[in-house]
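Colleague: For reference, the structure I am asking about is given below.
Read-outs throughout are calculated quantities, based only on the coordinates presented, and are distinct from any laboratory measurement. All figures in this text were calculated on a predicted structure; none of them were measured in a lab. Cβ atoms come from the backbone with ideal geometry, glycine included; neighbour counts cover every protein chain shown.
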Amino acid sequence: MPGSGIPSIRAADERAIDRTGALSEDAVMRSASRAPLLAGLAAVVTLAITACGGTPTPADGASISRKAALLDIDPALVFTTRVDGYDLASQSVGPANDDGLSATWVDEQTAAMITLRTSPGEPDAESCAATPMWDLPDAAVTCTEEAGLWHREGGGAHEFLVARDGATIWVIGPNGTPLDDLRRAAEAVHVPSDAELKALFADAPTEPPAPVERGDLPENGDGAPIQPSGPGG
């Protein structure tokens, strides 16, 4: 850098080249000593990109399946989001829509909430307008496509629908959540990373639910429930 007073690394390396065109032993050693520094700088840059809003690497399918099984959720319907100022309420995470997922993020300063609910199938213009608002089922719905998102409005409330790989993710603001916050949440919907997956299922049971065993089914025969006769036959 001209005028900086810092010696040029390239010039120093060039001086280390002997007249045969080969690097001297000192130059080789200096290059090797700089390798860990360059690797460290690359790692810092990667972390900075992630911290500035880059999408984290998704968890692998097997990890998602194991966690989803704890709450009897379809692993293909496990999604998350990130919005500045909102924190995941881990106790809110649970099943929704039979085999979908429900989770809520809360802004502790304003008490505003953002809820994600997932279901199978992707929306289109017809189904978007025909589907009732989540919290206002009797309200007339206006549905507009905005930059790949479905913005729904009805009864003064707003929702977004996000289509991802055969799934629909509902983004709902049940407590007067600012529209811009809802939009940012919808835009940030993604498959969770390992850390996000762990946070989503932090309050989940450690083992999948066991099948319910009925005590009134006979071991033999056609499997019809046993109905003991009461007094009088």
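Colleague: What length, rounded to one decimal in nm, is gained on full extension from T110 through to A202, with 0.36 nm per residue of separation minus their alpha-carbon distance?
Modeller: Gain on extension, T110 to A202, equals 30.7 nm.
Colleague: Under 1.5 on a/c is rounded, so check that first for the range 61-200, then, if it is not, pick prolate when a/b is larger than b/c and oblate when it is not; a ≥ b ≥ c are the square roots of the alpha carbon gyration tensor eigenvalues.
Modeller: Judged from the Cα gyration tensor, the range 61-200 comes out oblate (a/c at least 1.5, b/c at or above a/b).
Colleague: Starting from the amide H of L101, placed 1.01 Å from N in the peptide plane, find each other amide H under 5 Å away whose residue is 5 or more places distant or on another chain.
Modeller: A96, T118
Colleague: Positive end of the charge dipole of the range 61-200 (Lys, Arg +1 and Asp, Glu -1 on Cβ, about the Cα centre): tell me which of L197, A130, A185 has its Cα farthest that way.
Modeller: Farthest towards the positive end: L197.
Colleague: Now for a separate question. Can you work out ³J(HN,Hα) from phi for every residue in the range 160-175, in order, using Karplus 6.51 cos²θ - 1.76 cosθ + 1.60 and θ = phi - 60°, giving whole Hz and x for Gly and Pro?
Modeller: 10, 10, 10, 9, 9, 6, x, 10, 10, 10, 7, 10, 10, x, x, 9
Colleague: Here is a further query. Run the simple label-point estimate for A89 and A147 please: 7 Å along Cα→C-beta, distance reported in nm.
Modeller: 2.8 nm
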